[in-house]
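Visitor: Okay, here's the structure, questions in a sec.
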Amino acid sequence: MVLLHVLFEHASGYALFAVKEVEEIGMLLPQVEESVLSIGKFNSMVSLAAFFPFKSAQAALENMNAISEGLVHADLKLFLETNLPRSGKKKAVLGVSDAKIGAALQEEFGISIQTGGVVAEIGRGVRLHFHSLVKGLTAHAASKAQLGLGHSYSRAKVKFNVNRADNMIIQSIALLDQLDKDINTFSMRVREWYGYHFPELIKIVSENSMYCRLAQLIGNRKELTEESLESLEEVVMDNAKAQAILDASRSSMGMDISPIDLINIERFSNRVVSLAAYRLELQEYLRSKMSQVAPNLAALIGEVVGARLISHAGSLTNLAKYPASTVQILGAEKALFRALKTRGNTPKYGLIFHSTFIGRAAAKNKGRISRYLANKCTIASRIDCFSEIPTSVFGDKLREQVEERLSFYETGEVPRKNVEVMKEAVKEATDVAAEIKRKLEKKEKKRKKREKKLQELQANGETNGEEEVDNEKIVKKKKRKQVAEETEVQAEDAVVTDNRDEETDTPAKKKKKKTESVDTEPAEETAEIAVSEKKKKKKKKENAD
């Protein structure tokens with residue numbers, strides 16, 4: 001005899017259902033499928049053995065995260081240890097909907113686990129009638145719990161997504177490609193539109209963004225004069241070209257254009273110019289992102305090609321998992337399957353063709369260098385993916401290796417061994433990592449100091465703030481007094497120097513000066529005594545406060 005218990009995970013808690021007459025149900029599976037729909041028939045087959053409600057939404061989220069990862073949570077373990085019967089004449093079997101959690105439970109408890117077949121049908125019935133099978137649980141409360149858990153689970157998945165930095169690269173490279181297409185299309189529209197008025201400009205200026213800026217600047221070609229030559233030079237960056245545009249405008253075959261049409265052309269060309277400027281900003285953003293996420297891959301193959309590889313793979317982790325042979329033909333899947341179907345030659349390269357290395361290699365060496373480059377790209381992506389502190393040391397060394405291999409194909413010069421290069425790279429990388437760690441620690445210390453100061457200020461409250469204001473006032477007053485004393489001393493020094501200049505040979509005047517100096521000395525002493533007394537009084541007041 002077999003005693004089957006089915007574990008059901010709901011947003012409100014864990015439930016354990018005992019199934020009656022398992023053998024008969026297994027034999028009559030089509031009838032079971034029909035009887036699942038009616039609650040009366042389903043109740044005769046299944047009864048609730050135990051129910052463990054979650055204490056909070058946070059506990060529910062933790063349990064669901066554990067189940068989705070195939071782990072046995074402490075709550076689930078306690079629930080099954082308490083309620084699952086193991087000893088008896090009947091053999092205990094636990095039915096679960098997911099094979100992954102089933103394997104984890106079998107390892108934990110050492111019981112036989114069943115998935116699929118009868119368990120799947122009973123699970124479907126339990127899901128349908130769960131609010132009716134558990135006492136005190138309404139359909140509204142069950143749906144509310146499911147909705148809340150669904151939102152929190154999705155939020156947690158998005159928040160703690162390990163590929164969230166890669167997603168920014170994927171979106172930015174996709175936008176960059178889209179902008180290139182759009183700018184090209186819009187520029188062609190500006191050329192065609194403005195070409196009716198000034199057709200000669202197309203031959204003189206070939207670059208799209210420059211043409212749009214000129215169309216915006218020139219407007220009506222008849223109004224172009226020698227005075228506007230400087231502004232043309234600023235756009236074109238060439239004196240001869242600016243002069244050619246001016247000469248062409250005087251003898252142009254284009255038709256006249258109304259001011260309203262010109263306004264529309266200028267507006268549209270302004271949009272194209274702004275799009276081109278935004279594209280440059282986006283490229284700079286992509287460069288900075290790549291230096292943070294995949295510095296070695298960017299140093300080896302370039303930011304744009306590296307970003308395209310990450311985008312095509314889906315994430316940096318996926319790219320790191322790929323073998324070098326897959327990275328080599330990444331982006332040429334259609335050509336590969338066509339070659340396999342027609343039994344032709346398979347492609348030698350995919351997205352990595354856009355790197356400078358393959359373009360520089362000779363025709364007979366393109367396949368060899370692409371294979372070598374794919375190998376180095378795989379190493380770089382794995383270092384970026386699994387290293388704690390991102391540095392571009394390995395990427396630079398790998399790039400040097402590819403350069404050496406290129407020169408070996410061309411000149412026959414033997415490149416350095418991989419072991420030697422990697423030893424150098426490891427040594428440099430450790431030094432760079434230590435320097436970065438030191439800087440990060442400094443920043444962390446500064447941040448902690450600031451936080452401590454803020455906490456102290458908040459703890460002390462307004463009284464401390466008032467005391468600080470008073471202290472500042474006292475300090476300011478002291479400074480003012482010091483400045484006044486210094487000015488007095490300077491004035492006295494000036495008087496003394498004047499008196500020395502006015503000295504004569506008569507002894508009477510000397511005596512007078514001596515008496516004056518004698519008189520000034522006690523005056524100075526009395527002033528100093530008065531200042532010291534005042535300071536003592538202030539200190540007493542501060543201590544009293």
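Visitor: Residue under question is Leu351, and the condition is that it be modelled with pLDDT under 90, of a type outside the set (S, T, N, Q) and assigned by the TED database to the domain that holds Phe408; does it hold?
Guide: no
Visitor: For the stretch 374-381, check the following and say yes or no: at least one residue is within 27 Å of the chain's Cα centre (by Cα), open to solvent by 40 Å² or more (accessible area, probe 1.4 Å) and hydrophobic (A, V, I, L, M, F, W, C).
Guide: yes
Visitor: Another question about this same structure. Output the residues belonging to the stretch 243-257 that are under 25 Å from Asn184 (Cβ atoms) and in a helix (DSSP H, G or I).
Guide: Within the stretch 243-257, Ala244, Ile245, Ala248 qualify.
Visitor: Select from the stretch 258-302 the residues that are outside any helix (DSSP H, G or I) and in contact with a helix residue (DSSP H, G or I) (Cβ under 8 Å, 6 or more places away or on another chain) and write down the one among them that is least open to solvent (accessible area, probe 1.4 Å).
Guide: Across the stretch 258-302, the extreme among qualifying residues is Ala294.
Visitor: Please work out if Ile122 is assigned to a strand (DSSP E or B), β-branched (Val, Ile, Thr) and in the same structural domain as Phe54 (by the TED database). Please lay out each step first, then the result.
Guide: Details: assigned to a strand (DSSP E or B): no; β-branched (Val, Ile, Thr): yes; in the same structural domain as Phe54 (by the TED database): yes.
So Ile122 fails the test.
Visitor: Please go through the stretch 174-233 and give me each residue that is farther than 20 Å from Arg267 by Cβ, free of Cβ contacts under 8 Å to residues at least 60 places away in the same chain and among the small types (Gly, Ala, Ser), ordered by number.
Guide: Listed by number, the residues that qualify are Ser206, Ser228.
Visitor: Quick check on the stretch 107-127: of everything there that is open to solvent by 30 Å² or more (accessible area, probe 1.4 Å) and closer than 11 Å to Phe8 by Cβ, which residue is nearest to the chain's Cα centre (by Cα)?
Guide: Arg127
Visitor: Being open to solvent by less than 40 Å² (accessible area, probe 1.4 Å) and either touching a residue at least 40 places away in the same chain (Cβ under 8 Å) or over 23 Å from Ile173 (Cα atoms) (or both) is the filter here; which residues of the stretch 318-334 pass it?
Guide: Result: Leu319, Ala320, Ala324, Val327, Gln328.
For (1) at pLDDT below 60; (2) surrounded by 12 or more Cβ atoms within 10 Å (Cβ to Cβ); (3) under 30 Å from Lys397 (Cβ atoms), each residue gets a yes or a no:
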site: Ala429; (1), (2), (3): no, yes, yes
site: Glu451; (1), (2), (3): no, no, no
site: Gln455; (1), (2), (3): no, no, no
site: Ile474; (1), (2), (3): no, yes, no
site: Arg480; (1), (2), (3): no, no, no
site: Thr487; (1), (2), (3): no, no, no
site: Val496; (1), (2), (3): yes, yes, no
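Visitor: I need the full set of residues from the stretch 155-194 which are of a type in the set (Asp, Glu), at pLDDT 90 or above and surrounded by 11 or more Cβ atoms within 10 Å (Cβ to Cβ), in order please.
Guide: Asp177, Asp180, Asp182
Visitor: Check whether at least one residue in the stretch 195-207 is within 30 Å of Leu309 (Cα to Cα) and either at pLDDT below 90 or open to solvent by less than 80 Å² (accessible area, probe 1.4 Å) (or both), and report yes or no.
Guide: Yes: the stretch 195-207 contains one or more residues that are within 30 Å of Leu309 (Cα to Cα) and either at pLDDT below 90 or open to solvent by less than 80 Å² (accessible area, probe 1.4 Å) (or both).
Visitor: Please determine whether any residue of the stretch 353-364 is in a helix (DSSP H, G or I), hydroxyl-bearing (Ser, Thr, Tyr), closer than 24 Å to Ala174 by Cα and open to solvent by 40 Å² or more (accessible area, probe 1.4 Å). Break it down stepwise before answering.
Guide: The initial filter retains those residues of the stretch 353-364 that are in a helix (DSSP H, G or I), namely 353-354, 356-360, 363-364.
Adding the requirement that they be hydroxyl-bearing (Ser, Thr, Tyr) leaves 356.
From what's left, closer than 24 Å to Ala174 by Cα: 356.
Filter once more, so that each one left must be open to solvent by 40 Å² or more (accessible area, probe 1.4 Å): 356.
Yes: the stretch 353-364 contains one or more residues that are in a helix (DSSP H, G or I), hydroxyl-bearing (Ser, Thr, Tyr), closer than 24 Å to Ala174 by Cα and open to solvent by 40 Å² or more (accessible area, probe 1.4 Å).
Visitor: Can you tell me which condition Ile383 does not meet? The list is (1) in contact with an Asp or Glu (Cβ under 6 Å, 6 or more places away or on another chain); (2) in a helix (DSSP H, G or I); (3) not small (Gly, Ala, Ser), and all the others hold.
Guide: Condition not satisfied by Ile383: (1).
Visitor: While we're here: Does the stretch 459-467 include one or more residues that are modelled with pLDDT under 70 and among the β-branched types (Val, Ile, Thr)?
Guide: There is at least one residue in the stretch 459-467 that is modelled with pLDDT under 70 and among the β-branched types (Val, Ile, Thr).
The values are calculated or read from the model by the stated rules, or taken from the named source; none is laboratory data. Every value quoted in this text rests on a predicted model; they were computed, and no experiment measured them. Counting neighbours? That spans all protein chains shown, and the Cβs are built from the backbone with ideal geometry, glycine included. We work out accessible area using only protein heavy atoms, side chains counted, and drop any ligands, DNA or RNA first. Shrake-Rupley method; radii C 1.70, N 1.55, O 1.52, S 1.80 Å.
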